[in-house]
Amino acid sequence: MTPSPASEGRDTPVPTVKTVEKELAKGWRDYRSGISSSSTVQIVEDEGDGKLVMNFGPQHPATHGTLRSIFTLEGETIREADVEIGFLHTGFEKLGENLTYQQWVTVSDRMNYLSAINNNVGYSVAVEDLLGIDVPPRCASLRVIMSELSRIADHILCVGLQGMDLGAFSIMLWAFEKRELIYDIIEAVCGARLTTSWTRVGGIIRDVPEFFPDLVYSFLDEFPPLIDEIHTMLLNNKIFVDRVKDIGIVSAEDARSWGLSGPVARASGLDMDVRRDMPYLGYEQYDFKVPLQTEGDCFSRYMQRMEEIEQSLEIIRQAMATLPDGPVVHDDFKTSLPTKDAVHNDMESLIHHFKLVMLGHGIQPKPGASIYSATEAPCGELGYFLCSDGTDTAYRLRVRPPSLYNYAIFPRVVEGGMLSDAVAILSSFHVIAGELDR
C-alpha cells in the first residue's frame with residue numbers, strides 16, 4: 001500500500017480505529033472515577049460488552065440548552081444515565097451577598113427567564129416577609145395578574161416545545177404566536193419583554209398604563225381557543241400519544257422523595273400548591289382549583305399544564321374584576337423606593353431615593369433575622385432563604401429553584417427506556433438551565 005504524502009517521514013504510526021476507541025473508553029472510565037476527561041467525547045465503545053457511552057447534549061434541539069446527560073446504551077436502551085449541570089457560572093446566589101436587596105431583583109430575572117416576573121415577585125415577597133411589611137392591595141392584585149400571565153406564557157411554551165420535540169412543529173409556532181400577546185402586555189407594563197425587573201421590594205416600578213384592562217381582556221378573549229386547537233392537534237395524533245403515554249412514569253412516592261413540585265409533582269398525584277397551601281398576595285381570595293393527574297407519565301404532565309392554564313385564566317378574570325384603586329408602593333420609603341414621578345417632583349422622595357440608592361443606606365433588616373419564603377412559580381416551588389447581618393446586603397441568599405429538583409430525578413426516570421424516550425421525558429419536565437446555576 002502506497003503511503004499518503006501526509007504520512008511520509010512520520011516516525012509514529014498512524015493510530016487505528018481500535019486505538020482511538022480504547023483511548024476514548026479510557027477517558028470515559030477516568031471521568032467516571034473522578035479524573036478529568038474531555039467533554040468532546042461523543043460516543044465511546046466499551047471493551048467487549050457492546051455498550052456505548054454517549055453525550056446527550058448540550059445543544060438546543062432536544063436538550064433545550066446547556067443540559068448535558070451521559071447515557072450508557074445497550075442498543076437503543078439506556079442502561080445507565082448521569083447528568084452534569086456545570087455549564088452556567090453566573091453565581092446568582094453569591095451575587096445576592098454583594099448586591100443590595102433592591103439591586104438583586106434584576107438578577108432574579110435570569111434564573112427562569114421564561115417567567116421572569118414570577119422570580120421577581122417571589123424574591124420581593126421574601127424580602128417583604130423578612131421586613132414584616134405588606135404591599136398595598138392594588139400592588140398585590142397586579143402582581144397576581146402578571147404572575148398568572150407569566151405562568152401561562154411559560155406553560156404554553158413548554159407544551160409547544162413538547163410538541164416540536166416529538167415532531168408536531170406547528171404547535172410550537174402557535175404557542176409562540178399566542179405568547180407574544182402576553183409579552184405585549186408585559187412590555188406595556190414595564191418596558192421589557194423577557195427580563196422584566198418589574199417588582200421592587202415594597203411594590204412595583206410603576207402603576208400599569210390606562211389601557212392595561214383593554215390588553216388583558218383582549219387576551220382573555222383571544223387566547224382560550226388555542227387550548228382546544230392544541231388538544232385537537234395532539235390528542236388525535238397517534239404518534240404524539242404513543243410517545244408520551246406510559247413514558248417517563250414518576251410515582252407519587254418518588255415525586256415526594258425527590259422533592260418534586262409544580263406540574264411535574266401534581267401530574268404524579270401530589271396535591272400541593274403554594275398558592276393554596278401557603279397563600280401570599282391574597283391568593284386565598286380567589287376561587288380556583290388545583291388540577292391533579294395520577295399516571296405520572298409524559299402525557300399527564302402535558303395535560304396538567306393545559307389544565308393549569310385554564311385555572312390561571314380564571315384567576316386573572318377574578319383579579320381584573322376586583323382590581324382596586326390606590327397606590328402600588330408601600331408607604332414606608334425607608335424601605336421602599338418612591339415612584340419615579342415622586343422622585344422627580346417631591347423633595348422628600350428625592351432624599352429617600354438618594355439615601356436608598358446613592359448613599360448605601362438601603363434596606364437594613366435586623367442582624368440575625370432570617371426567613372424562608374416560597375411562591376408557586378410555573379415550574380414549581382420557588383423558595384428564597386434570606387439571612388441578614390444588619391447591612392443593606394444579605395449575609396446569605398439561597399434559592400430553592402424547582403428545575404434543580406425536577407432535573408435531579410431525570411436520570412433515574414430515563415434508565416431502562418429508549419433513547420428516543422429521553423427527548424419526550426426531558427421536554428415534559430421543562431427544565432430551565434438558568435435555575436441549575438450553583
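Please treat every number below as a calculation from the coordinates, not as lab data. All of these numbers come straight from a predicted model, not from anything done at the bench. With ideal geometry, Cβ positions are generated from the backbone for all residues, glycine too; neighbour counts draw on all protein chains shown.
Observations, loosely collected:
- Segment 259-300: trypsin sites (Lys or Arg not before Pro) falling in loop per DSSP and having at most 16 other Cβ within 10 Å: Lys289
- GluC sites (Glu not before Pro) within segment 147-193, DSSP loop, no more than 16 other Cβ atoms inside 10 Å: none
- Fewest-first sequence of Leu281, Leu260 by Cβ atoms within 10 Å of each Cβ: Leu281, Leu260
- Counting charges near Gly326 (Lys, Arg +1; Asp, Glu -1) among other residues having Cβ under 10 Å from its Cβ returns a value of -1.
- Calculated volume of the Cα convex hull per residue in Å³ (choose from [x] 165; [y] 154; [z] 198), label: [z]
- Gaussian network model of the chain, Cα within-10 Å springs - most flexible of Val107, Val201, Val241: Val241
- Modelled label reach - Gln59, point 7 Å along Cα→Cβ, segment 395-438 residues with backbone N closer than 17 Å: 419-424, 426-427
- Cross-link pairs beyond the 31 Å C-alpha cut-off, checked among Lys289/Lys340; Lys245/Lys289; Lys94/Lys245: Lys289/Lys340; Lys94/Lys245
- Per-residue ellipticity at 222 nm, computed for the chain from helices alone with -39500 (n - 2.57) per DSSP H run of at least four residues, works out to -13500 deg cm²/dmol.
- Residues Glu376, Glu97 arranged by fewest to most Cβ contacts within 10 Å: Glu97, Glu376
- Cα convex hull of segment 140-192 - mean projected area over all directions, nm²: 3.5 nm²
- Helix 137-165 vs. the chain, principal-axis angle (Cα, 0 to 90°, nearest 10): 20 degrees
- For the chain, the longest principal axis of the alpha carbon atoms and the long axis of helix 212-222 meet at an angle near 40°.
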